[in-house]
Amino acid sequence: MNRNYYELLQVDPNAEPEQIDSAYRARVLKLQGKHDGVSSEELKLVGWAHKMLMDPEKRAQYDLKLKKESFERALEEKRLQ
């Protein structure tokens, strides 16, 4: 999964758990209200993002992964210059 969970739930990386929970509920309601239908995969991804960001240990691991990926992209860009 290459989607950024913070972007998926439309929350800041420094968001409090209450903000994440609220954003999750709003996102699910929005997806369920789509008239063209919503895939179960999309709902699963939103649920997974919520689960990851609500667990402090998993969130810390995810944040570390994001920082590592960002650092690696910056190194690659610098190398290509």
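The values are calculated or read from the model by the stated rules, or taken from the named source; none is laboratory data. All values reported here derive from a predicted model rather than from experimental measurement. Every residue, glycine among them, receives a Cβ derived from its backbone with ideal geometry; neighbour counts consider all protein chains shown. What goes into the accessible areas is simple: the full protein's heavy atoms, side chains included, and nothing from ligands, DNA or RNA. Shrake-Rupley method; radii C 1.70, N 1.55, O 1.52, S 1.80 Å.
Ranked by solvent-accessible area (1.4 Å probe, protein heavy atoms only, all chains present), the residues 80, 45 order from largest to smallest as 80, 45. In order along the range 14-23, phi translates into HN-Hα couplings of 9, 4, 6, x, 5, 5, 5, 4, 5, 5 Hz, rounded to whole numbers, per the Karplus curve 6.51 cos²θ - 1.76 cosθ + 1.60 with θ = phi - 60° and x for Gly and Pro. Quick one: helix 40-54 against the long Cα principal axis of the chain, what's the angle to the nearest 10°, folded into 0 to 90? Taking Cα atoms only, the helix is inclined about 60 degrees. A convex hull fitted to the Cα coordinates of the range 31-77 yields 96 cubic angstrom per residue.
With a Förster radius of 25 Å, plug the Cβ-Cβ distance of residue 41 and residue 10 into 1/(1 + (r/R0)^6) and report the FRET value to the nearest 0.05. Write down the numbers at each step before the final one.
On the way: r = 19 Å, r/R0 = 0.74.
It comes out at approximately 0.85.
Computed from backbone phi, the HN-Hα couplings of the range 73-80 come to 5, 4, 4, 5, 4, 5, 5, 6 Hz, rounded to whole numbers (Karplus: 6.51 cos²θ - 1.76 cosθ + 1.60, θ = phi - 60°; Gly and Pro given as x).
Ordering 66, 54, 10 by the projection of their Cα atoms onto the charge dipole of the chain, which places +1 on the Cβ of Lys and Arg and -1 on the Cβ of Asp and Glu, puts 66 at the extreme positive end. Heavy-atom accessible area, probed at 1.4 angstrom with all protein chains present, ranks 55, 12 as 12, 55, highest first.
Quick one: dipole size for the range 16-81, taken about the Cα centre, charges +1 on Lys/Arg Cβ and -1 on Asp/Glu Cβ, in debye to the nearest 20. Spell out each step's value before the answer.
Values: 14 positive and 13 negative charges, 21 e Å.
With Lys and Arg at +1 and Asp and Glu at -1, about 100 debye.
Below 8 Å between Cα atoms, with a sequence gap of 6+, how large is the relative contact order for the chain in percent?
Working: 40 pairs, mean separation 23.5, N = 81.
Rounded, it is 29 percent for the chain.
Computed per residue of the chain from DSSP H runs no shorter than four, each worth -39500 (n - 2.57), the mean residue ellipticity at 222 nm is -24500 deg cm²/dmol.
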